[in-house]
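The values are calculated or read from the model by the stated rules, or taken from the named source; none is laboratory data. Note that the structure is predicted; figures quoted are calculated from it, not measured. Glycine gets a Cβ as well: all are built from the backbone with ideal geometry, and neighbour counts include every protein chain shown. Each accessible area value is taken on the protein alone, full model and side chains, heavy atoms only, with ligands, DNA and RNA left out. Shrake-Rupley method; radii C 1.70, N 1.55, O 1.52, S 1.80 Å.
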Amino acid sequence: MVTRLVKAPRIDFASLRRELELPTQFPLAAQREADEAAAAVTADLTIQAASRAVTDRTDIPFVTIDPATSRDLDQAVCLHRRQGGYRVFYAIADVSAFVRVGGELEVETWRRGLTVYLPDGNVPLHPVSLSEGAGSLLPGETRSAALWTIDLDSDGATTAVRLERAVVRSRAKLDYTEVQAAADSDTLIQSISLLPDVGKLLIARGLARGAVNLPIPEQEVEPDGAGWRLVLRAGVPAEEWNAQISLLTGMAAAALMLEGRIGLLRTMPSPRPEAVAALRAAAPGLGIEWPDGATPGQVIAGVDPASPRGAAFVDHAAELMRGAGYTPFDGEGPVDPDHGAVAAPYAHVTAPLRRLADRYATEVCLSLVSGEVVPAWVKQALPLLPEVMEKGDRRASAAERGAIELAEAVLLAERIGEEFEAAVLDVDDARPARNGVSRTPGGTIAIDDPPVRARCSGQLPLGERVRVRLVTADPARRVVAFETA
């Protein structure tokens, strides 16, 4: 799992796109289908709003909260206080309103699986006429949505869940920075004035049950004279508060599916004891305190991901997140339905513009709530989705990892031979010589400036700080390597 994001608009990522064989455009028939669906949205919504099967909830003052430059807006939120707790309204873009079952566009989305993000632009799951236009929950526009209504008690426990097809209208497109600034000055708009309270409550509940939240630092490459510099930017608390609403909805969806005995869960084993032990061993060299009895999630929650050492620790903590996948079922539920990082059963339902599986999982939930039979086209898709999503996840991870490796190699290309102070994160297992040739010892280190994690050869004391020398920084091969000094 890649836990760093990178922005580097001045670096050419075309070779990476070619290497991963990322599509450059949609097939003509799929694009035409998307454009026709986008053009018909207004008329269709008028019909839907008059239908008994679709509720008009344009009265709810929804807002979206996303990165400032995002236009593929899957989710809109509104929070109310109710007697004894809270009510969460969460509207999710209704992809089935514009992607025809069996059509050319649906076929193409199965080829792609999910949106792939690169620093110089994304490769979308759906054409932008839908993903950033007629299907996106843009402010002031009436849109089709799957509307979740989740009631919480004063401790943040879920007490009731409702789901319906609706038409909604977002009032504003907000970004994390402005939401955080408004929260700090106590000037949040009414729709999300409760977001800090609800978000913090849900974070505390997650940590108490053993959840692990990775605070992903954004890694941005900026020009610096004749060279480059890398800047880490930590997410603001508002980003995590907002993410908790998505997690809450995913857990509600999983509970519906397990009760209905059909669905598609996002599952992951609990962190392996050896991975937890390795993370704990790396902590001292990064200046991270690990109190006795603290869970990995509690330790990670106290780390500053904007600092180079904190970012390296979060990066290394990704080793806890191994084995995630999609688990379909129809009848008996999975033996282990939990997602190890969520510490509860969980399903992906909140990003259907960007992730194929969410559309089908949402359709399951809509059917279960309404007491209807799950459509045959959805049931047939469930056992096929894990392979498609795994391939898409691999491609997206390779793109993210390749972008980071390229940016790091560009940053360090002119510094071959320089020495750096580094923290030893991991050490290769001791292995015997093969055919009389001994293996070169080494492991993984993290330097502070620029904040890079890379391979290093030599004898490395786990969890300690050492001096290392840069021996390779090759942008063409996207390789960075060090040796002990």
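Quick notes
- Full extension of the chain between Arg272 and Lys391 gives 40.4 nm of extra length, using 0.36 nm per residue less the Cα-Cα distance.
- Nonpolar atom fraction for the stretch 91-169, defined as the carbon and sulfur part of the 1.4 Å probe accessible area, stands at 47 percent.
- Expressed to the nearest 5 percent, the antiparallel share of DSSP beta bridges inside the stretch 378-485 is 90 percent.
- The slack in the chain from Ile416 to Ala226, taken as 0.36 nm per residue of separation less the alpha-carbon distance, amounts to 66.8 nm.
- Whole-Hz ³J(HN,Hα) from phi, Karplus 6.51 cos²θ - 1.76 cosθ + 1.60, for the stretch 67-82, glycine and proline x: x, 4, 8, 5, 10, 8, 9, 7, 10, 9, 10, 8, 10, 10, 8, 10
- Relative contact order of the chain, pairs being alpha-carbon contacts under 8 Å that are 6 or more residues apart, as %: 18 percent
- Calculated Cα Rg over 2.2 N^0.38 Å (choose from (i) 1.19; (ii) 1.02; (iii) 1.24), label: (ii)
- Whole-Hz ³J(HN,Hα) from phi, Karplus 6.51 cos²θ - 1.76 cosθ + 1.60, for the stretch 317-325, glycine and proline x: 5, 4, 4, 6, 9, 9, x, 5, x
- Shape category assigned to the stretch 31-151 from the gyration tensor of Cα positions, a/c cut at 1.5: oblate
- Alpha-carbon Rg with Dmax, taken over the stretch 128-278, Å: 19.0, 61
- Between helix 237-260 and the chain there is an angle of about 60 degrees, using the helix long axis and the longest principal axis of the Cα atoms.
- Cα long-axis angle, helix 385-412 against the chain (0 to 90 degrees, to the nearest 10): 40 degrees
- Cα-projected label distance for Val479 with Arg171, points at 7 Å along beta-carbon direction, nm: 5.7 nm
- Database remark: amide H of Asp426 closer than 5 angstrom to the amide H of Thr444 (H placed geometrically; neighbours at sequence offset of 5 or more, or on other chains; Pro and chain starts carry no H).
- Estimated from helices alone, the mean residue ellipticity of the chain at 222 nm is -10500 deg cm²/dmol (sum of -39500 (n - 2.57) over DSSP H runs with n ≥ 4, per residue).
- Using the Cβ of Asp338 as centre and a radius below 12 Å, the other residues enclosed give a net charge of +1, where K and R count +1 and D and E count -1.
- Amide H contacts of Val452 (H built 1.01 Å from N, under 5 Å, at least 5 apart or other chain): Ile447
- Accessible surface computed residue by residue for the stretch 152-266, with neighbouring protein chains in place and a 1.4 Å probe, gives 44 Å² per residue.
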